[in-house]
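Take a look at the structure below.
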Amino acid sequence: MATSAFPSRKRVVLLGATGSIGENTLRVIAAHPDKLELVAIAARGNWEKLAAIARTHGVRHIGIFDDTAFAAARAHPSAFPADTRIVGGLAGLVELAQLPSADIVLVAVVGTTGLEPALAALRAGKDLALASKEILVLAGQHVLAAAAASGAQILPVDSEHNAVFQCLQGHPHSSVRRITLTASGGAFRDLPVEALGAVTPADAIKHPNWSMGPKITVDSATLANKGLELIEAQCLFGLRPEQCDAVLHPQSIVHAFVEFTDGAMLAQLGPPSMTFPIQHALLHPARAPGVEPALDFRKLLSLEFRPIDETRFPMLRLARETMIAGRGAPAVYNAANEIAVAAFLAHALPFLAIPRIVEHVLAQLSTVAPADLPAILALDLEARRLARRAIENHLF
Ligand code: MG
């Protein structure tokens, strides 16, 4: 509900409130009480944390995906503000995504769970601030079609896509020659290639620049994260595979470059903190002071760019092949990678076997062309099944 003191506040639904994107989003919203109002939050299972957020921000619509956690939250109504409505499961998240009192829905839930809520938000005409990678990777064309049909906007929250979005403002699509996303190179970028075979999950989750969850941190070390981002960018910005590139940039200060047909390049720079792209997506087209200090050229700042060796980072080569294959290949790449990373984190798969599992599953499923959303989700499950079987049978 917009109050009369702040008539033009954007009303935000935050799906994935308890993760690292969620926490940064809450910082942005708390810093701009005159511009942003949190109206609904959801998470997978941490209902106590949701209750704490609800009390701090006065939120009265809560979604809890996990059944057990949903039941536990309903058994503790006094933990939440008075008159709180708590909804459960995927249907609950979909309901919050279409909340009549909302203007923009930020989707930052892990995995494929965010897909249906994201589509529901766009169909209801809500702008979508998109942080979950799987949504465009799995169902890019469906998501773009839903936005086009309702006139809602997709505002990328991932720092690289947000950077491309900012650089593209005011430029016709036909003037873009290429985009280049930067990659920090993750935890092992300076490790000799011979040492990669012995790295452990504990080594992999120490990211040099960004503080994120374990899965995405492993994806940064294999560059699967960059691979997924290239697939997303190709879809979101309507580009051909060969127009989407990546470069190693250890400082994570430049987030992306856009090269135009005349050879000019625009870049977007900022400190490596998600509060910057989150704030941009939530306030767009307005701007306001950031919650963290900007770059400061009174301090020494060097920026370095190195070409990416795809023999060292096979997940990037596989992403390129995935973009060219199109159809169901991106969903397969994503699903097989998720299973392989989970196995690595569980000490059941060596680090260097992650791309081998993905390549193995892609080889079996890359020509499948799913006709609709249920077929995409079925392909996702089949890719997971084949990846698990490959890991169990030591096909790596
Ligand atoms: Mg990123």
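Figures for the structure shown
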item	result
Number of positions in the stretch 160-207 that are outside any loop (DSSP other than H, G, I, E, B) and either within 22 Å of residue 348 (Cα to Cα) or within 16 Å of the ligand (Cβ to nearest atom) (or both)	23
Number of the condition not met by residue 293 [criteria: (1) open to solvent by 40 Å² or more (accessible area, probe 1.4 Å); (2) closer than 24 Å to residue 186 by Cβ; (3) away from the ligand (no atom under 15 Å from the Cβ)]	(2)
Answer from 159, 132 - the residue that is at pLDDT below 95, under 30 Å from residue 253 (Cα atoms) and of a type outside the set (Lys, Arg)	132
Boolean, residue 116 is farther than 24 Å from residue 268 by Cβ and either of a type in the set (Asp, Glu) or touching a Cys at 6+ places or on another chain (Cβ under 6 Å) (or both)	yes
Tally, over the stretch 85-113, of residues that are modelled with pLDDT of 95 or more, assigned to a helix (DSSP H, G or I) and on the phi < 0 side of the Ramachandran plot	8
Total residues in the stretch 300-339, condition under 29 Å from residue 26 (Cα atoms) and either of a type in the set (S, T, N, Q) or surrounded by fewer than 22 Cβ atoms within 10 Å (Cβ to Cβ) (or both)	1
Test set (1) touching a residue at least 24 places away in the same chain (Cβ under 8 Å); (2) under 24 Å from the mean Cα position of the chain (by Cα); (3) open to solvent by 20 Å² or more (accessible area, probe 1.4 Å) - residue 385 fails condition number	(1)
Residues of the stretch 153-171 satisfying the condition of being more than 14 Å from the chain's Cα centre (by Cα), open to solvent by 10 Å² or more (accessible area, probe 1.4 Å) and among the aliphatic types (A, V, I, L, M)	168
From the options 82, 30, 51, 72, residue that is outside the structural domain of residue 383 (by TED's automatic domain parsing) and part of a loop (DSSP other than H, G, I, E, B)	82
Which listed residue, of 352, 301, 269, is out of contact with any Ser or Thr (no Cβ under 7 Å at 6 or more places or on another chain), among the aliphatic types (A, V, I, L, M) and within 22 Å of residue 158 (Cα to Cα)	269
Given (1) away from the ligand (no atom under 16 Å from the Cβ); (2) open to solvent by 20 Å² or more (accessible area, probe 1.4 Å); (3) in contact (Cβ under 8 Å) with a residue 12 or more places away in the chain; (4) out of contact with any Lys or Arg (no Cβ under 6 Å at 6 or more places or on another chain), number of the condition residue 261 does not satisfy	(4)
Of all residues making up the stretch 233-252, the number that are touching a helix residue (DSSP H, G or I) at 6+ places or on another chain (Cβ under 7 Å), within 14 Å of the ligand (Cβ to nearest atom) and open to solvent by 10 Å² or more (accessible area, probe 1.4 Å)	2
Yes/no for residue 18 being touching a Leu at 6+ places or on another chain (Cβ under 8 Å), assigned to a helix (DSSP H, G or I) and open to solvent by less than 50 Å² (accessible area, probe 1.4 Å)	no
Single match in 213, 227, 125 (criterion: modelled with pLDDT of 95 or more, surrounded by fewer than 17 Cβ atoms within 10 Å (Cβ to Cβ) and farther than 14 Å from residue 351 by Cα)	125
Filter result (more than 16 Å from the ligand (Cβ to nearest atom) and assigned to a helix (DSSP H, G or I)) within the stretch 146-159	146, 147, 148, 149, 150
Number of positions in the stretch 186-206 that are more than 14 Å from residue 309 (Cα to Cα), surrounded by 12 or more Cβ atoms within 10 Å (Cβ to Cβ) and of a type in the set (A, V, I, L, M, F, W, C)	5
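The values are calculated or read from the model by the stated rules, or taken from the named source; none is laboratory data. Treat the numbers as computed from the prediction; the structure is a model and nothing was measured. Glycine also receives a Cβ, built like all others from the backbone with ideal geometry; neighbour counts cover every protein chain displayed. When the accessible area is computed, the model is the full protein with side chains, heavy atoms only, and any ligands, DNA or RNA have been set aside. Shrake-Rupley method; radii C 1.70, N 1.55, O 1.52, S 1.80 Å.
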